[in-house]
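Input: a single structure, listed below in structure tokens.
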Amino acid sequence: MERERVKEPDADQISDYEKSVRHYQEWADRMKNGELLIRGDKRDYQVSRQGFLKYYMNPLTTDTALSSWAVFEHLIKNQSGRHRHQGGIIIYVLEGQGATEVNGEVLEWQAGDLLLLPITPNGCVHQHWNRDTSRGCRWVAFRDLLVGRTIANAIDQVSEMPDLRGAALKGPEGRVRRQWKATVSGEQVPLVTNPDELSSVNLFDRLVAMRDQQRGRLAQATFMIRGDELPWELNAHGKMQWYLHPCIAYTAVQTHVFYRQEFPAVSRSGVQRHGGDVIFYILEDEGYTEVDGVRHNWKRGDPMTLPIFPNGVVFRHVNTGSVPVRLICNERNLVHTTGVDRQSGFEELQPCPEYRQAQSA
């Protein structure tokens, strides 16, 4: 018998199809093996031209399951540097109070507020200030890296953080934006719901009409959401405040879904099937998130994520402490593109105890 040795093809001989197959397999392996829970106390603040930054996820991170988000904290001792980049980023204030100047307008904020940097021609020139320098103030930002590529996002440093060079501090010089509660038009450009309508409509003109409508809404939209002014909603998944939602049209950023959630002591959220690609940030106390039966114990300051699997994930949050737990949740708004169900279906499999009690009362 003779054996013929089969030589493995050289890398440059592998077809583009096979390279694509390997690429998607590597992505799927990262979802299975990457970190879902990021320990906040294991990440350090780095000194940069913009300020004191702590990165949880960014384009260079390789150990996390999710790879399409940038998530970072900014500690503002006095004031940050000034830089320009494209909008679409959202900023949640963790503690303290301060101000942000965006394209000549000053936004005053405090803990619990959500700042929205709009997507505009030439991006947003902005800088941040701490209003109480006897203590620092912190916020956490969420940047969608997929959207960032489609809007030519880049960073241009206009001036460095004064603390870095011992330069003199300067306060914001823009006009203070006083109006936060915006009202925008709810009218929609008519949709084509039947192929027979195509011969009687001009779809290019409707695209222009949609553009004009979006421009009008952005001109009237709010750049900041006051957390202490939002109502609490009790639903099957828990007690929530909605900052950004597919049905909310008055915000300057529409690419995210964002809410704050609270669980009473020794209680839990509902049990939910979800498509994944979600980031939670723990604001208060400790507990765990169960993902497909696996427990991930977290505490204050930890980001927790949900991976993307073909059948989605089943998860719930559990408060193991004696005081209420609060967290914030950020995800990509795909409701009007891939749909609420996405690849896996979106279902509340079991309600939280408080909702079940309220429904039976």
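The values are calculated or read from the model by the stated rules, or taken from the named source; none is laboratory data. Fair warning: this is a prediction, and the values are worked out from it, not measured in the lab. Note that we place each Cβ from the backbone using ideal geometry, even for glycine, and neighbour counts take in every protein chain shown. Heads up: the accessible areas ignore ligands, DNA and RNA and are worked out on the full protein's heavy atoms, side chains in. Shrake-Rupley method; radii C 1.70, N 1.55, O 1.52, S 1.80 Å.
All conditions but one from (1) modelled with pLDDT under 95; (2) in contact with a Lys or Arg (Cβ under 8 Å, 6 or more places away or on another chain) apply to Thr61; the one that does not is (2). Just so you know, in segment 102-115 the residues that are modelled with pLDDT under 95 and charged (D, E, K, R) include one that is nearest to the chain's Cα centre (by Cα), and it is Glu108. Among the residues of segment 62-88, the one identified as of a type in the set (Val, Ile, Thr) and within 13 Å of the chain's Cα centre (by Cα) is Val71. Residues that are open to solvent by 20 Å² or more (accessible area, probe 1.4 Å) and in contact with a strand residue (DSSP E or B) (Cβ under 8 Å, 6 or more places away or on another chain) within segment 97-124 comprise Gln97, Asn103, Gly104, Glu105, Glu108, Gln110, Ala111, Asn122, listed in sequence order.
For (1) at pLDDT 95 or above; (2) farther than 26 Å from His74 by Cβ; (3) within 18 Å of the chain's Cα centre (by Cα), each residue gets a yes or a no:
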residue: Arg295; (1), (2), (3): yes, yes, no
residue: Met304; (1), (2), (3): yes, no, yes
residue: Ser322; (1), (2), (3): no, yes, no
residue: Asn333; (1), (2), (3): yes, no, yes
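Taken together, Asp212, Asp228 contain a single residue that is surrounded by 10 or more Cβ atoms within 10 Å (Cβ to Cβ) and in a helix (DSSP H, G or I), which is Asp212. Could you say whether any residue in segment 321-342 is within 19 Å of Arg39 (Cα to Cα) and free of Cβ contacts under 8 Å to residues at least 60 places away in the same chain? Yes, that holds for at least one residue. For segment 125-158, a residue qualifies if it is open to solvent by less than 30 Å² (accessible area, probe 1.4 Å) and of a type in the set (Asp, Glu), and exactly one does: Asp144. Which of the residues belonging to segment 309-331 are surrounded by fewer than 21 Cβ atoms within 10 Å (Cβ to Cβ) and within 19 Å of Tyr56 (Cβ to Cβ)? Answer for segment 309-331, where residues must be surrounded by fewer than 21 Cβ atoms within 10 Å (Cβ to Cβ) and within 19 Å of Tyr56 (Cβ to Cβ): Arg326, Cys329. When segment 1-34 is limited to residues that are at pLDDT below 85 and of a type in the set (A, V, I, L, M, F, W, C), the one that is farthest from Gly312 (Cα to Cα) turns out to be Met1. State whether one or more residues within segment 344-355 are open to solvent by 60 Å² or more (accessible area, probe 1.4 Å) and among the charged types (D, E, K, R). The answer is yes, given that some residue of segment 344-355 is open to solvent by 60 Å² or more (accessible area, probe 1.4 Å) and among the charged types (D, E, K, R).
To keep it simple, each residue is scored yes or no on (1) over 18 Å from Ser68 (Cα atoms); (2) charged (D, E, K, R).
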position: Tyr250; (1), (2): yes, no
position: Val257; (1), (2): no, no
position: Glu262; (1), (2): yes, yes
position: Gly270; (1), (2): yes, no
position: Gly275; (1), (2): no, no
position: Pro303; (1), (2): no, no
position: Val323; (1), (2): yes, no
position: Asn330; (1), (2): no, no
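Only one of the numbered conditions (1) in contact with a Gly (Cβ under 9 Å, 6 or more places away or on another chain); (2) more than 19 Å from Glu284 (Cβ to Cβ); (3) assigned to a strand (DSSP E or B) is violated by Val253, and that is (3). Among the residues of segment 256-301, those that are within 23 Å of Arg356 (Cα to Cα) and out of contact with any His (no Cβ under 8 Å at 6 or more places or on another chain) comprise Arg260, Glu262, Pro264, Ala265, Val266, Ser267, Val271, Arg273, His274, Val291, Asp292, Gly293. The set of residues in segment 238-253 that are crowded, with 20+ Cβ neighbours inside 10 Å, under 19 Å from the mean Cα position of the chain (by Cα) and touching a residue at least 40 places away in the same chain (Cβ under 8 Å) comprises Tyr243, Leu244, Thr251, Ala252, Val253.
I'd like the residue in segment 275-291 that is under 16 Å from Leu94 (Cα atoms) and open to solvent by 20 Å² or more (accessible area, probe 1.4 Å) and, out of all such residues, is nearest to the chain's Cα centre (by Cα). The qualifying residue nearest to the chain's Cα centre (by Cα) is Leu283. The single condition among (1) in a loop (DSSP other than H, G, I, E, B); (2) hydrophobic (A, V, I, L, M, F, W, C); (3) surrounded by 13 or more Cβ atoms within 10 Å (Cβ to Cβ) that Val192 does not satisfy is (3). Sort out which residues of segment 301-319 are free of Cβ contacts under 8 Å to residues at least 40 places away in the same chain and touching a strand residue (DSSP E or B) at 6+ places or on another chain (Cβ under 7 Å), and write them in order of number. Listed by number, the list holds a single entry, Gly312. The residues of segment 292-307 that are part of a strand (DSSP E or B) and surrounded by fewer than 21 Cβ atoms within 10 Å (Cβ to Cβ), listed by number, are Val294, Arg295, His296, Asn297, Lys299.
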